[in-house]
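Some notes on the structure that comes next.
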Amino acid sequence: MGVAGHCTLIRKNIMEPIFFIIGVIFVVFLFSGLRIAAQYQRGVVFRLGKLQGIRGPGLYWIMPIIDTQQTVDIRTITTSVDQQETITRDNVPVKVTVVIWYAITDPASAVVEVVDVGKSVVQVALTSLRNVIGRHTLDDVLKEQERLGADMRKAIDSATEPWGVKVTRVEMRNVEIPESMQRAMAQEAEALREKRARIIKAEAELEASMKLREAAGMIMENPAGLELRRMQMITEVGAEQNTTTIIMMPSEFVSMAKGIADWTGKFSGKNAG
């Protein structure tokens, strides 16, 4: 074997490991760029600091070293805002706890436009809570919580829309008022219940009197009905265990006694004249 053969053999022995190393590096480079995003996740990819796009869900590839990514959860997130003390329009201090449901609809804006989207949503909710409560009275806060929640949702959603966040629901979970106001409201409620009870009783008495008047008119039209009513009353009294004694007098006696009383009154008037 000549010198040329030895050179070729040496070159071959050197190149084979180099190609192997290059192949290994290429495979590692290829697999190191693979990423997997779940169905509820999106990957925001940056290339040399510049927004490249959104990837996912499923398997995708980014360029190692050059590309970076930030994973964003697009599911609905529930956040409870700590109890806040604010003042209503009629100057009553109240403590309110609010729960917010929101979801990220634009992952790129949620990463690029705001530093911490969760904290930002909470801070906007605090401001909106104070503004909405300050525009309503205590009665509205206690009775119209659903409407106030809708107003807060619109206010929060308008502020978070540039961040790619959609607020789907806001609820007032708890409203606390001072003890003195609670006692005043209890007295007011008691007075209203007493008022309704008296009105109902008066209406019942009025209705009963009207029925009695109708019954009296029917009895006067048919005197026999009065005798039947007397017999019924005797039966009702006799059914009870008592010592009541009832003396029955015919209605003719009553009419005769009335006539005698009228005649006596007229006679006495003539003698006096």
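What follows is calculated from the coordinates using simple rules that are stated; it is not laboratory data. Since the model is a prediction, treat every value here as computed from it, not as a measurement. FYI the Cβ positions are ideal-geometry reconstructions off the backbone, even for glycines, and counts take in every protein chain you see.
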Violations at 24 Å Cα threshold for listed pairs K119/K143; K95/K143; K143/K195 -> K119/K143
Hey, rough spin-label estimate for E144 and L206, points 7 angstrom out along Cα→Cβ, what's it come to in nanometres?
-> 3.2 nm
Unit charges at the beta carbon, dipole of the range 105-226: most positive-side option, N131, G149, P178 | P178
So, over other residues within a Cβ distance under 11 Å of Q69, counting Lys, Arg +1 and Asp, Glu -1, the net charge is +3
Potential extension, V112-I65 segment - 0.36 nm per residue separation minus Cα distance = 14.9 nm
Where Rh denotes the Kirkwood radius from the mean inverse Cα pair distance, what is Rg over Rh for the range 79-177?
-> 1.01
